[in-house]
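One structure is given here, and the rest of the page talks about it.
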Amino acid sequence: MPPEEPAPAGRPTSAPAGPMRRGPPGSILQRMEKGQIRHVVAVGSGKGGVGKSTATALLATELRRRGLAVGILDADITGPSIPKLLGLTGPLTDRGEGIEPATSRTGIPTVSSQYMVEDEKTPVIWRGPLVTRLITQFFGGVHWGALDYLLIDMPPGTSDVPLTVFQTIPIDGMVFVVTPQDLAALIVKKAMNMARELHVPLLGLVENMSYLNCPDCGKRIDLFGVSQVAKIAEE
């Protein structure tokens, strides 16, 4: 099947629900309403392989442990990880009030493109317009209910999907994930600058894979170089 024509099971079923509101002063953005969601927080980096999905799942788990209602929107359509991390499978259902999210055993509702394919090894081979349409449907067309936090697991890059998320979803702020390498630091700064330009506040920075302690001698080993998290946060 050609890339522009995905399998029927994975096609968005309708346009995104929910009214729109204007973006920051001076902008022409139209953002969807939050409904019963109090805070929307994106977790991203700009670079792949730094642990964005793991950080998202851990943040959600900790918020849930604190008694807060939290959900996860997996916006990495072509490389979804949240279902595997939380031990979830599809398919998603619609009972008339919107798409029903899949809920983890600890009570974390989630939506992901992984739930739309029969085999977890099946790739989602879609062009940009279909991907961005699905993102907006995952926010506005899902029956999230009342949430204290909705976390959005962002894909790598600064193109179609991140732009759609920033422009159409009412994000309250973003947490960035980075590793100590110079390359990762460079790319996360690009993502931060993109967020600033689109009026998305920077909430915090997580450095993943910072070091390990040798199991034999106890010595700290900086596998990917000296930590840069303090320097990046200061900038």
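Annotations for the structure displayed:
- Subset of segment 36-50 (residues that are of a type outside the set (Val, Ile, Thr), in contact with a helix residue (DSSP H, G or I) (Cβ under 9 Å, 6 or more places away or on another chain) and not in a strand (DSSP E or B)): 45, 46, 47, 49
- The single residue among 164, 136 that is farther than 27 Å from residue 210 by Cβ, of a type in the set (Ser, Thr, Tyr) and at pLDDT 90 or above turns out to be 136.
- Single residue of 55, 69, 60 found to be surrounded by fewer than 23 Cβ atoms within 10 Å (Cβ to Cβ), more than 24 Å from residue 187 (Cα to Cα) and among the aliphatic types (A, V, I, L, M): 69
- Here residue 144 meets each of (1) under 17 Å from residue 76 (Cα atoms); (2) buried (at least 21 other Cβ atoms within 10 Å of the Cβ); (3) in contact with a strand residue (DSSP E or B) (Cβ under 7 Å, 6 or more places away or on another chain) with one exception, condition (1).
- Verdict on residue 225 being part of a strand (DSSP E or B) and either in contact with a helix residue (DSSP H, G or I) (Cβ under 9 Å, 6 or more places away or on another chain) or farther than 30 Å from residue 129 by Cβ (or both): no
- Checked across segment 80-88, the condition of being under 11 Å from the mean Cα position of the chain (by Cα), among the hydrophobic types (A, V, I, L, M, F, W, C) and either over 19 Å from residue 145 (Cα atoms) or assigned to a helix (DSSP H, G or I) (or both) holds for at least one residue.
- Total residues in segment 165-177, condition surrounded by fewer than 20 Cβ atoms within 10 Å (Cβ to Cβ) and either farther than 24 Å from residue 107 by Cβ or acidic (Asp, Glu) (or both): 2
- Scanning segment 89-106 for residues that are surrounded by fewer than 19 Cβ atoms within 10 Å (Cβ to Cβ), modelled with pLDDT of 85 or more and either touching a His at 6+ places or on another chain (Cβ under 9 Å) or closer than 16 Å to residue 74 by Cα (or both) yields 89, 91, 92, 94, 98, 100, 103.
- Failed criterion for residue 123 (all others in (1) touching a Ser or Thr at 6+ places or on another chain (Cβ under 8 Å); (2) modelled with pLDDT of 90 or more hold): (2)
- Residue 157 being among the small types (Gly, Ala, Ser), within 13 Å of the chain's Cα centre (by Cα) and modelled with pLDDT under 90: yes
- Considering (1) in contact with a helix residue (DSSP H, G or I) (Cβ under 9 Å, 6 or more places away or on another chain); (2) in contact (Cβ under 8 Å) with a residue 12 or more places away in the chain, the lone condition that residue 97 does not fulfil carries the number (1).
The values are calculated or read from the model by the stated rules, or taken from the named source; none is laboratory data. On a predicted model such as this, the values are computed, not experimentally measured, just so you know. Glycine also receives a Cβ, built like all others from the backbone with ideal geometry; neighbour counts cover every protein chain displayed.
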